[in-house]
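The values are calculated or read from the model by the stated rules, or taken from the named source; none is laboratory data. As the structure is a computational prediction, the values presented were derived from the model and not from experiment. Please note: Cβ atoms are built from the backbone with ideal geometry, for glycine as well, and neighbour counts cover all protein chains shown. Note: accessible area is taken over every heavy atom of the protein model, side chains too, but ligands, DNA and RNA are not part of it. Shrake-Rupley method; radii C 1.70, N 1.55, O 1.52, S 1.80 Å.
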Amino acid sequence: MRRLTPVLALGALLLTALPAHAADGLAHRDSYGTKAPYAPEQNPRTYQRPPAGFRPVFTENVSRHGSRAATDSEDGDLILALWDKAEAEGRLTRRGKEFGPKVRALQAAMAKVGYGNLSGRGEQELKDTALRMERRLPSLFGKIAADGEKIDVVSSGQGRAVDSGTVFTDALADADPALKPLIGPARTDKDLLYFHKAAGGAAYRDYIENDQRLATTLKSITDRPRTHRAARSVLRGIFKDTFVEQLADQVPAAEAVYNLYAIAPAMSEESPGGEGWGMERYVSRSDAAWFGYLSDVEDFYEKGPGFADSDITYKMAGVLLDDLFKQVEAKRDGTSGLGAELRFTHAEEIIPLAALMGLPGSTEPATPGEPYTYADNPWRGADVAPLGSNIQWDVYEKNGRYLVRMLYNEKETAFKAGCSPVAKGSRFYDLDELERCFGRG
């Protein structure tokens, strides 16, 4: 989440309210934004059976890396510098006295894991997802082993994505050792899985760096009295009022506390006794919900559906959607020797892909002049792209006819409006129909 600038004059236009359910469990998960740890969204026992006679012949995924440590120590360093000063001056609250040692322990754990690297929880998320894939498609993986088909593994090349691929495929090989020699050496494709930083993302990067409407919209939403009230509330739980009031930059300090709150669940296995870090003691539900909303605001406009009159945030994901189709089409055309295509990437790719595909929660952009709010838009970072999030296509064949079933965070999911399944209520789609409704030839 970017650092917020000092308060600006606000237009009455942006009177955004938190949802009425801000204190319930779902809103609590929302408060972690895209740092929310992964959980599958459907019990595999409830998956639909394919139409009679169809057998699985291929599967592919696009997966975000699993839970990880923070990418750097900036937040901890910032707030600990303030904490050390307040401690020396005797201006910590009773709860605040416990805060510094907890942050230092969390920082040490993240440094040990390696900043930006997969945590123990992240590794487990990937292992579990791989095992559920294997159990979902036992006949496919049996066929892969029997026929000597290959499993291709590709990532962005970033450490946590590479490691996610390794953990995932190791779990598959542990479940069925016959698969191990069929898992290809992992390869890197930045154009495909790090496109926001590759050549295809040049126009997007210009938008992020130079678009004045984007900058104005983000400032108008984030630099609000509610943000400054939340910042003071967070800081007063740790520091005495006299210390808080002398701080010139209360929002960045409170945001650092929030960012530690948001990353703590991802590091739960490294906590003392595996019982968690207790960061929720320092950020109230309502304050966490507000900072989580601000995090979602940034991701929505910078990576997600964005403005209704522009596709700049997600058009570049076309390279990834194209690859999903190409792999299935190659299987149909008999030009592929693969049994599975496994891709490992980042939120910066999952979020725009979800918008481009019209996945649930990513179908509504914001009308220019009317800000994204929780009250009138379903987009939530914790649902769209939590840590370990994934999109999977399972492919079935019968007598030369190919069907595709999509799972989004392991929930059977309909393709976008305009795509017709093989029967009403079915989650299976003819490949020919998907090619038609996505405009492929």
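For beta carbons closer than 8 Å, sequence separation of 6+ or different chains, a first residue in segment 59-76 that is within 24 Å of Gln107 (Cα to Cα) and a second that is among the acidic types (Asp, Glu) and open to solvent by 10 Å² or more (accessible area, probe 1.4 Å), the qualifying pairs are His65/Asp163; Gly66/Glu123; Gly66/Glu125; Ser67/Glu125. Of the residues making up segment 359-385, those that are within 13 Å of the chain's Cα centre (by Cα) and of a type in the set (A, V, I, L, M) are Ala382, Val384, Ala385. Within segment 111-126, being hydrophobic (A, V, I, L, M, F, W, C) and open to solvent by 10 Å² or more (accessible area, probe 1.4 Å) holds for Ala111, Val113, Leu118. Number of residues in segment 141-182 that are assigned to a loop (DSSP other than H, G, I, E, B) and open to solvent by less than 30 Å² (accessible area, probe 1.4 Å) equals 2. In the set (1) in contact with a helix residue (DSSP H, G or I) (Cβ under 6 Å, 6 or more places away or on another chain); (2) surrounded by fewer than 22 Cβ atoms within 10 Å (Cβ to Cβ); (3) among the acidic types (Asp, Glu), the condition left unmet by Asp296 is number (2). Annotation: of all residues in segment 204-213 being within 30 Å of Ser164 (Cβ to Cβ) and touching a residue at least 12 places away in the same chain (Cβ under 8 Å), the one that is surrounded by the most Cβ atoms within 10 Å (Cβ to Cβ) is Tyr204. Looking only at residues in segment 256-278 that are assigned to a helix (DSSP H, G or I), under 12 Å from Arg121 (Cα atoms) and not polar (S, T, N, Q), the one that is most open to solvent (accessible area, probe 1.4 Å) is Glu269. Could you tell me whether Thr71 is within 17 Å of the chain's Cα centre (by Cα) and β-branched (Val, Ile, Thr)? So Thr71 passes the test. If we keep just the residues of segment 228-255 that are outside any loop (DSSP other than H, G, I, E, B) and among the β-branched types (Val, Ile, Thr), which is most open to solvent (accessible area, probe 1.4 Å)? Among them, the one singled out is Thr242. The single residue among Ala108, Ala130 that is open to solvent by less than 70 Å² (accessible area, probe 1.4 Å), without any contact (Cβ under 8 Å) to a residue 40 or more places away in the chain and under 23 Å from His65 (Cβ atoms) turns out to be Ala108. Out of segment 299-330, which residues are small (Gly, Ala, Ser) and either assigned to a helix (DSSP H, G or I) or surrounded by fewer than 18 Cβ atoms within 10 Å (Cβ to Cβ) (or both)? Matches in segment 299-330: Ala308, Ser310, Ala317, Gly318, Ala330. Do the conditions hold for Glu370, that is, is it open to solvent by 10 Å² or more (accessible area, probe 1.4 Å), over 30 Å from Phe54 (Cα atoms), part of a loop (DSSP other than H, G, I, E, B) and acidic (Asp, Glu)? Answer is yes for this residue. If you go through segment 183-203 and keep only what is open to solvent by less than 20 Å² (accessible area, probe 1.4 Å) and either among the basic types (Lys, Arg) or touching a Lys or Arg at 6+ places or on another chain (Cβ under 8 Å) (or both), you end up with Leu192, Leu193, His196, Ala198. Only one entry of Val422, Val395, Val384 meets the criterion of being in contact (Cβ under 8 Å) with a residue 12 or more places away in the chain, surrounded by 24 or more Cβ atoms within 10 Å (Cβ to Cβ) and not hydroxyl-bearing (Ser, Thr, Tyr), and that entry is Val384.
Here's the yes/no breakdown for (1) within 18 Å of the chain's Cα centre (by Cα); (2) not in a loop (DSSP other than H, G, I, E, B):
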{"residue": "Leu387", "(1), (2)": "yes, no"}
{"residue": "Glu397", "(1), (2)": "no, yes"}
{"residue": "Leu403", "(1), (2)": "no, yes"}
{"residue": "Lys416", "(1), (2)": "no, no"}
{"residue": "Ala423", "(1), (2)": "no, no"}
